[in-house]
Each structure stands twice: as C-alpha cells, then as structure tokens.
Amino acid sequence: MIPADPAEEHRSIAGTFTERVRGVAADGWDAQSPVADWQARDVVRHLVEWFPGFLAGGSGIELAAGPSVDDDPVKAWEHHAAAVQDVLDDPRTGTATFAHPRLPEMPLPQAVSKFYTNDVFMHTWDLARATGQDDRLDEARCQELYEGMLPMDDVLRQSGQYGAKVPVPDDADWQTKMLGFIGRDPEWRPATAR
C-alpha cells in the first residue's frame, strides 16, 4: 500500500524506482524501452530532466544539478530523487503554493504528487520491463490512476504526453488497463532481455 502523504508517497514510489535503477546490469542501459525511441537510460533521463524546470517554474525552488545520466544513470537518479525528497521533507513545503503559468494554483506537495510522483510510478514499469526486472506495480495505485485519467482522455491525448490507447481485455487487471490507457503495450518485451 502506497502512503497518501506526498512526502511518504514519494519516498515509497521513488524507492521502488531506485531499486529498479540499481538493478540494471552494467550493459543494460542501452536496452530498448517500451517507449519508442527511448533506451533504458532515457527513462531515467526523462525524470531527471523535465521535473527541475517544472518545479522551478511553479515554485521558484531550484534543484541542484547532479551527475549526468550519460556518465552514471544510477548516481544521476539517486541525486535527483534525494533532492526531490528533501523538498517534500522540508516543513516549509507543506504550506507552499505551486503556481505554474499553465496550471491552476495548488499546494506544492499536491503538485509534486500529481504531476511528478505519478510519472515516476508509471515509468517504473518502463524501466523494469526494458531491463528484465520485476515490473509489477501497486494495483490500487494503478486503479486510482486509471480511473482518474479516464475523464480526461481527450485532454491527455491532445497534450502529446500519451500515445494512442492500446486495447486490452475488459477483464484485464488494473495495471494492464492503466498501461494500455497511457499507450503502452502490456505485452511488450525487449528483443533481448538483459
């Protein structure tokens, strides 16, 4: 069960992602991922690179740059995850407002949870599947995300952040439904699992 508090939620979800990052074999970072045109290292790159600008744009909080994903994806992720956790653990964050030009104002912890921690959760499957690791996700969280995204289907597709839905059986589990909804083929396997 994933905690509801944004700081603890991130600690749990980022912790699982960290386990998958550390579980990639030395020669596994160039493995193809389920995301077209992304290798395993690009899954980490995406999370490390998009969030700092988003956070700064809505809160003025600047995350210190860490190691390059190209040089050391494990250290790059560990540095980044620790920096995000420090923001969420800071007592001042609990009362801070996130005011991004393209989004309604909301509490900063809620913004991190909604836009970033959920992204880490979904990309955990991508990295795990690309590198032959345990790719099971929390079913309750998958259900929550799937049911939360359904009413926003058109908006999400128009954002360009999600691919076309992949059809899945009506009686599929929540993870399979969520993956299909965000444009992943739940049956995808790397050509050569590492």
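Explain nothing, just the number: relative contact order of the stretch 6-181, from Cα pairs under 8 Å at least 6 residues apart, as a whole percent. Intermediate results must be reported in sequence, preceding the final value.
On the way: 195 pairs, mean separation 43.0, N = 176.
Once divided by the residue count of the stretch 6-181, the mean separation gives 24 percent.
Only helical runs count toward this figure. For the chain, summing -39,500 (n - 2.57) over DSSP H runs of n ≥ 4 and dividing by all residues gives -15500 deg cm²/dmol at 222 nm. For the chain, a Gaussian network of Cα nodes joined below 10 Å ranks P109, P52, P91 by mean-square fluctuation, and the top entry is P91. Short-range pairs are left out: with C-alpha atoms under 8 Å and at least six residues apart, the relative contact order of the stretch 1-108 is 22 percent.
Along the stretch 88-97 the Karplus relation, 6.51 cos²θ - 1.76 cosθ + 1.60 evaluated at θ = phi - 60°, assigns HN-Hα couplings of 5, 7, 5, x, 5, 5, x, 10, 7, 9 Hz to successive residues, with x for each Gly and Pro.
Summary of packing: across the peptides 127-138, 161-172, 8-19, 24-35, the per-residue average of other C-beta atoms within 10 Å ranks them, highest first, as 127-138, 8-19, 24-35, 161-172.
Assuming R0 = 30 Å, can you tell me the calculated FRET efficiency for the pair A140 and A82, based on Cβ-Cβ distance, to the nearest 0.05? The partial results should precede the final answer.
Working: r = 26 Å, r/R0 = 0.88.
Taking R0 as 30 Å, the efficiency between A140 and A82 is 0.70.
In this simple spin-label model, placing a label point 7 Å from the Cα along the Cα-to-Cβ direction at both D70 and E105 gives a separation of 4.1 nm.
Counting only Cα atoms, the size of the chain along its three principal axes is 45, 40, 31 Å, in decreasing order. Comparing Q158, Q143, Q39 in a Gaussian network model of the chain (Cα springs below 10 Å), the most mobile by mean-square fluctuation is Q158. FRET efficiency for the pair M152 and D119, taken as 1/(1 + (r/R0)^6) with r the Cβ-Cβ distance and R0 = 22 Å, rounds to 0.90.
Residues whose amide H lies under 5 Å from that of F98, counting only those 5 or more places away or on a different chain, are M106, L108; hydrogens are built 1.01 Å from N in the peptide plane. If R0 is 22 Å, what FRET efficiency do you get for R92 and E8 from their C-beta distance, rounded to 0.05? E(calc), rounded to 0.05, equals 0.80.
Out of H80, H123, H100, any idea which swings most in a Gaussian network model of the chain, alpha carbons joined below 10 Å? Among H80, H123, H100, the largest GNM mean-square fluctuation belongs to H100.
Listed values for the stretch 157-170 are Karplus-derived 3J(HN,Hα) couplings in whole Hz (6.51 cos²θ - 1.76 cosθ + 1.60, θ = phi - 60°), namely 5, 5, 5, x, 7, 10, x, 4, 4, 9, x, 10, x, 4, and x replaces Gly and Pro.
Laboratory data are not the source of any read-out in this text; all were calculated from the coordinates shown. All figures in this text were calculated on a predicted structure; none of them were measured in a lab. Cβ atoms come from the backbone with ideal geometry, glycine included; neighbour counts cover every protein chain shown.
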